[in-house]
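A short write-up of the structure that comes next.
Values quoted throughout were computed directly from the atomic coordinates according to the rules given, and no laboratory measurement underlies them. Because the structure is a prediction, the values reported are computed rather than measured. Heads up, the Cβs are rebuilt from the backbone with ideal geometry, glycines too, and the neighbour counts pull from every protein chain shown.
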């Protein structure tokens, strides 16, 4: 597999028009969990601290 294709396949994507905060923080319903129709979401944040 070419390096470019491998990078494209591993790049996370979000559907256009999606409200990131609302949809990504929405909990899966019991039915979705039962059908294994959900995605685990991990949120990373960079906290800059001034060391002065």
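Annotations for the structure displayed:
- Fully extended contour minus Cα-Cα distance, from residue 49 to residue 37, at 0.36 nm per residue: 0.4 nm
- In terms of the mean number of neighbouring beta-carbon atoms within 10 Å, the peptides 30-37, 42-49 order highest first as 30-37, 42-49.
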